[in-house]
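J.: This is the structure I want to talk about, given as structure tokens.
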Amino acid sequence: MSRTLVELVGRARLSPEGRHRVALALARAHDEAGGDVMVSMRSLAEAACLSKNSAREHVHALRRDGIVSVIDNAHGGAPGTAPVYRIHVPALERLAADSGDLFEQWLEDAPPGGPYTIELDSGVLLAASLRGRPGSRVVSFWRIDVEPGQDYGEVPLALLLRDPRVQGAWDGYLSPDNPFITGEPVRLLPREIFWVAEWAQSASLGRVESAVEA
């Protein structure tokens, strides 16, 4: 299955964060246009939530690294014109390969027996993994019915163990952990929260934990 440039940039795990944002903004514009993109530095900065100077510095760094090149209007030009950028897929693919698969790394932290998987009534398929030490455990979620899989954040185990029908309990809502990756929020129903909580208790060193001990 072919991947969008947004997905490829996400797998490349560029740093620092500002450079990642600029690359994602360019990738999103590329995916929408279906090829090379003309975009002003002001628009790029706004899309990446950065100042123009910061965005310009990150563009220069991406060019030095061979990830992006300017193929036209390098210095602007007549009103309404802007630089035309080209993203070099092979360079991103090399970085993505060096970074490894995020889902495989996530699986390494799963408790014995592997992660817990659950298909919600909505048709969404989630995998859950228990992480952390007693007193600070969290249940992290990964959506695995999309390609590539998406990190859907984490919930403190102590909060997950509360009865979902009482005030102050977890509302069951999950959304992509990476704000630059599009994905609709999902919600676990109360009975689905019970199922995950039951698994998490069993996975906690083989014993049931109270909300206080979680």
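J.: Top to bottom by accessible area (1.4 Å), largest first, where do Arg56, Arg19 land? Kindly include the intermediate steps, with their values, before the conclusion.
T.: Numbers: Arg56 85, Arg19 55 Å².
Descending accessible area places them as Arg56, Arg19.
J.: Testing the spin-label approximation: label points 7 Å from Cα along Cα→Cβ at Arg94 and Leu120. State their distance in nm.
T.: 4.0 nm
J.: For the pair Arg86 and Arg13, how long in nm is the line joining their label points, each one 7 Å along Cα→Cβ?
T.: Here the modelled spin labels are 3.0 nm apart.
J.: If you take the beta carbon distance between Asp145 and His60 as r and set R0 to 30 Å, what does 1/(1 + (r/R0)^6) give as a FRET efficiency, to the nearest 0.05? Let's see the in-between values first.
T.: Details: r = 39 Å, r/R0 = 1.31.
Efficiency computed from Cβ-Cβ geometry: 0.15.
J.: Grab the other residues whose beta carbon is less than 13 angstrom from that of Gly172, score K and R as +1, D and E as -1, and report the net.
T.: Once positives and negatives cancel, what remains is 0.
J.: If you line up the Cα atoms of the range 122-197 on their principal axes, what length do they span on each, largest first, in Å?
T.: Projected onto its principal axes, the Cα set of the range 122-197 covers 33, 28, 20 Å.
J.: While we're on this one: Using only the Cα atoms of the range 1-98, what semi-axes does the equivalent ellipsoid have when each is the square root of 5 times a gyration tensor eigenvalue? Give whole Å, largest first.
T.: 21, 15, 12
J.: Tell me, Kirkwood radius of the range 45-85 from alpha-carbon pair distances, in Å?
T.: Taking every pair of different Cα atoms in the range 45-85, averaging 1/r and inverting gives 11.0 Å.
J.: Using mean Cβ contacts within 10 Å as the protection proxy, how do 118-125, 152-159, 191-198, 132-139 order, highest first? Intermediate values should be presented prior to the final figure.
T.: Numbers: 118-125: 13.2, 152-159: 19.1, 191-198: 16.6, 132-139: 14.9.
Result, highest mean first: 152-159, 191-198, 132-139, 118-125.
J.: Beyond 15 Å, how much of the Cα-Cα pair distribution for the range 130-172 remains, as a whole percent?
T.: Working: 459 of 903 pairs.
Here the tail beyond 15 Å accounts for 51 percent of pairs.
J.: Extension gain Arg131-His75, at 0.36 nm per residue separation less the Cα-Cα distance, in nm?
T.: Taking Arg131 through His75 to full extension adds about 15.2 nm, to one decimal.
The values are calculated or read from the model by the stated rules, or taken from the named source; none is laboratory data. Please read these numbers as outputs of a predicted model, since none were measured by experiment. Here the Cβ is made from the backbone with ideal geometry for all residues, glycine too, and neighbour counts use every protein chain on show. Calculation scope for accessible area: heavy atoms of the full protein, side chains included, ligands and nucleic acids excluded. Shrake-Rupley method; radii C 1.70, N 1.55, O 1.52, S 1.80 Å.
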